[in-house]
Each structure stands twice: as structure tokens, then as C-alpha cells.
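Worksheet: one structure, shown below.
The values are calculated or read from the model by the stated rules, or taken from the named source; none is laboratory data. Please read all numbers here as calculations on a predicted model, not as lab measurements. Glycine also receives a Cβ, built like all others from the backbone with ideal geometry; neighbour counts cover every protein chain displayed. For the accessible areas, the whole protein counts, side chains as well, though only heavy atoms, and no ligand, DNA or RNA atoms are used. Shrake-Rupley method; radii C 1.70, N 1.55, O 1.52, S 1.80 Å.
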Amino acid sequence: MIPIGKPCLSGEEEEAVIRVLRSGMLAQGPETGAFERDFGRYCGTDHAVAVSSGTAALHATLHALGIGEGHEVIVPSFTFFATASAVCMCGARPRFGDIDPDTFNLSTGSVQELLSSRTRAVIGVHLFGQPCDATPLREICADEGIFFIEDAAQAHGAEYHGKKVGGLGTAACFSFYPTKNMTTGEGGMVTTNDPDLARRIRVFSNHGQEEKYLHTSVGYNYRMTDIAAAIGREQLKKLDGFNRRRQETAGYYDSHLPREGIVCPYASPGVVHVYHQYVIRVTGESRFTRDELAQYLRDRGIGTAVHYPVPLHRQPAFVALARDARCPVAEECAATVLSLPVHPGVTDTERDRVCRAIAEVA
């Protein structure tokens, strides 16, 4: 089976973990601090705060920005659950915006329709590795006096008009889940150029401690371990190479997949897409449905996935909050998208096999 996702780990990560185990410092320590500096430098930001997951990154950031009960945060409906659940974790209400049909990213027009006196932030997700259109979203937020937050969980190393994601807004939140473009096993990071925001996130993520055993607020244990950070430091060295391989495979698919009834991913001008997922759409012009194609490929040992089959405004957990949500594009995409294997471990032979299998039924 060609898996839809696979972490790329080797001897360097193993040696880094052994080094930490032998040091005796397994929890958050010098490796985490070094990883924060490395990652912040990579993203071009002044500060980076390592946490235990991408969800923790979102929650800690929203909390540190003072977002809570009575506030609203605009999020795309077509994304992973955590983008909106983190808003609820702060006691605020997510408002679900529709997406652009080409990029799958948050629609600027939808954001403008959802703005209210209660809006405190917009979360722009760089979905599947393609940066959202940050400039107009940032301008809207500046005009309204609200925060623009990047959900960069799927976009490590992506670029928007010559600048890496992570420094395009008030803060950016990354995930290092095993199938991301780089991994720490589990983990996350917040990048920002605001020193006070970084400090508040750090305090909140360490039980509200301003200094050891001095708790000035109630926080969480969202710390990253040095074991995870050691893996992350090695993965960061390889990230650009991982992304180039993803881009090569995506380019091969673009050139070799049949196009009747299949829409390949669109890359916006001025962006560097890092293809966390390679997501096609199976349209009505196709001789098969999305689900039929997925089953056909699975029967031939090719893994696929649907990211995401249920838009957030249709999720049972959010139905009560989303009665007024209108997201027809998100609903259409949820019914037609299919992710093909694009991780760095996909070989030339395997990507050719994917294209030939689809051509057999197209």
C-alpha cells in the first residue's frame, strides 16, 4: 500500500533522541529553547514559543490575545476541527466563513459579511500547504482593529510574496503532528514579532508561572518536551528538502493525471505551495464519483483520504453555533475532494503508479 501520509525519520533523529535521553533532561529544557530559536529564525520572526500541539498553539494564542466570552472569531468552515474548537475553548464563538473554490482558503468576501461588533480576530488557514491571501485579510483586520492569526499547521516553509508564513499576522500557529511537512511526534509552535504576546503565551502554557512556583494566572501544561524538540531540530534541517520533493511529486501529478472530470490543485501567483496534501476535485464531468475513485485506488494498493468530508458548520459539535452559516463552496468541496499520496517518501515509481491507475478509469 502506498500510504497517504508517512513521517520521514532517519538516523539523525534517532541520535538526537538518544542524546537527550542520556542527558537526563527529558522535559522542557535547552533543546526546546534551541528549537524555538531555530524555528523563529527560519520563519523570520523575533519570537517562537514551543508547545505540545497545534491545538495548544491556537488555544494559547487566542487566550493570550484576551479572546473570551462574548467575542467572535471568523474561521473557514473547510479546515480541521481544531481551528474552531480552540475558539470554543476560550469561551468565544467561531463564525464560519466560506472558501475560495480554487485555493480552498478563506474567502475575503465571506469575512466581510461576517464582521460584527463582537469580532475580535480572523484565523486564516494556509490549507493543504498553500498560503491564504494574507494581504486583504490583514487589511480588513487592521481597519477593524482586530487580530489576524495564521493557522500554519499545514504550511511549514510555504511563502507568500517572498515572505515565509509565520510572520504575516499577529501570530502564527504550527503543528508538528507525524504527517505534517515536519514532525516532532506531537507538538506545536507559535511565532510572533510581539514580545509581550510571546511572554503571555509562554506563561499560559506553563501553568501560569511568571517564575518557578509563582503563578500569576491559571494556565495549562502545554510544554514541549526536549525529546520532541530534538526531533524537531533535525527535521527543520531537512524541511526544505522535504518540501522540494513534495513539489516535485505535485508537479508530476499536474503533468500526468487525466483532466476529464479531475481538477488538480491551483497555486496562486506569488506563493510557494508546499503541498502538505495534494488535493484533487472529482467533478460531475467524471465517469466516477469521488468515493468510487477512492475505492478503486484502495483496491489497487493506493492510499487516499478525504480532507475534509464534513465542513465545520455541519459538524454536530458546532451545529448550534452555526445555524446562520452559509458555506456552499465548502460543502461542494467536502463532497468532491480527494487527497493523493504526496509525502516525501513517495517514489518515482509509486507516483507513476498513481497516475496510471487513475488513467485506467478516467
| query | How many Å² of accessible area per residue for the range 221-318, probe 1.4 Å? | reply | 44
| task | Would you grab the residues whose amide H sits under 5 Å from the one on residue 160? Only those 5+ places off in sequence or on another chain, please, with H modelled 1.01 Å from N. | result | 165, 272
| Based on the alpha-carbon gyration tensor of the range 1-55 and its eigenvalue square roots a ≥ b ≥ c, which shape applies: rounded if a/c is under 1.5, prolate if not and a/b is larger than b/c, or oblate? | oblate
| request: For the range 57-196, just say rounded, prolate or oblate: build the C-alpha gyration tensor, square-root its eigenvalues into a ≥ b ≥ c, call rounded for a/c under 1.5, and beyond that prolate if a/b exceeds b/c, oblate if not. | output: rounded
| field | Choice from 84, 294, 250 showing the highest fluctuation, given a GNM over the chain with Cα pairs closer than 10 Å | value | 294
| request: Can you check what the net charge comes to around residue 278, using other residues whose Cβ is under 10 Å from the Cβ of residue 278 (Lys, Arg +1; Asp, Glu -1)? | output: +1
| So how long is each side of the range 219-362 along the principal axes, counting just the alpha-carbon atoms, biggest first, in Å? | 53, 46, 35
| field | Among 101, 316, 76: highest mean-square fluctuation, GNM of the chain, C-alpha pairs under 10 Å | value | 316
| task | Note the full-extension length gain between residue 18 and residue 116 as 0.36 nm times their separation in residues minus their Cα-Cα distance, in nm to one decimal. | result | 30.1 nm
| request: Would you indicate which of (i) 28, 25, 20; (ii) 33, 23, 20; (iii) 33, 27, 17 is the value of semi-axes √(5λ) of the Cα gyration tensor in Å derived from the coordinates of this structure? | output: (iii)
| said: Is there a quick way to get the dipole size of the range 13-153? I mean about its Cα centre, with the Cβ of Lys and Arg at +1 and of Asp and Glu at -1; what is the value in debye to the nearest 20? | reply: 440
| Under Stokes-Einstein, with the Kirkwood radius over Cα pairs standing in for Rh, what whole-number D in µm²/s applies to the range 1-138 at 37 °C and 0.692 mPa s? | 187
| request: Check the chain and count each lysine pair with an alpha-carbon distance under 30 angstrom, considering only pairs eight or more places apart or from different chains. | output: 13
| query | In square angstrom, what is the accessible area per residue of the range 28-92 with a 1.4 angstrom probe? | reply | 30
| message | Once neighbouring chains are kept in place and the probe is 1.4 Å, which whole percent of the accessible area of the range 254-362 is contributed by carbon and sulfur? | response | 50
| query | Going by average Cβ neighbours within 10 Å, how do the peptides 325-336, 125-136, 160-171 rank, with the highest at the top? | reply | 125-136, 160-171, 325-336
